[in-house]
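The values are calculated or read from the model by the stated rules, or taken from the named source; none is laboratory data. Because the structure is a prediction, the values reported are computed rather than measured. So basically every Cβ, Gly included, is an ideal-geometry build from the backbone, and we count neighbours across all protein chains shown.
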Amino acid sequence: MDDEADAPFIDPGSDYPCCWFCPALRLPRTGFLVADRPSRDWPFDAADGFRYTVDTRTPVCVHPGRVGLDPERTARIYVDPPLPDPEESDPAPTGRRRRWWRLRPGPKSVSGRR
């Protein structure tokens with residue numbers, strides 16, 4: 001077995017500016033992918049500190065600049081659905097609306113007070 005092939009991509013004893021939980025510190029270069037940024041496509045697993053691809057559970061590094069590699073994967077851009085149009089979603093008014101404070105009895109309705 002070749003020790004060089006199984007050595008981590010980045011030496012953990014070096015002062016390289018990568019994250020302490022980066023897969024590059026624990027795995028050889030063939031053992032992880034590099035993505036351009038964090039994404040739902042490779043969620044974080046708190047059990048071991050890696051991000052994994054959803055389909056193959058391959059570890060993913062999300063800081064290509066810190067490990068000195070070009071990204072192999074690009075995160076999809078998730079767009080929230082548009083908010084409903086308030087004019088279209090409001091039902092047509094059905095008569096006069098009563099206010100909640102007019103439904104409660106006031107001090108004038110209590111007998112024995114002046």
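The table that follows gives values for the structure above.
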{"item": "Near pairs, Cβ below 7 angstrom, 6+ apart or cross-chain, from the range 63-83 (under 13 Å from Ala35 (Cβ atoms)) to any residue that is in a loop (DSSP other than H, G, I, E, B) and basic (Lys, Arg)", "result": "Ala75/Arg37"}
{"item": "Hey, Arg51 surrounded by fewer than 17 Cβ atoms within 10 Å (Cβ to Cβ) and within 22 Å of Phe9 (Cα to Cα) or not", "result": "no"}
{"item": "Test for Thr30: is it assigned to a helix (DSSP H, G or I), of a type outside the set (A, V, I, L, M), loosely packed, with under 10 Cβ neighbours inside 10 Å and at pLDDT 80 or above", "result": "yes"}
{"item": "Subset of the range 56-71 (residues that are surrounded by 15 or more Cβ atoms within 10 Å (Cβ to Cβ), assigned to a loop (DSSP other than H, G, I, E, B) and under 18 Å from the mean Cα position of the chain (by Cα))", "result": "Val62, His63"}
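Quick grid of which residues meet (1) at pLDDT 85 or above; (2) in contact with a strand residue (DSSP E or B) (Cβ under 8 Å, 6 or more places away or on another chain):
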| residue | (1), (2) |
| --- | --- |
| Gly13 | no, no |
| Trp20 | no, no |
| Leu25 | yes, no |
| Pro38 | yes, yes |
| Trp42 | yes, yes |
| Ala47 | yes, no |
| Phe50 | yes, yes |
| Asp55 | yes, no |
| Pro59 | yes, yes |
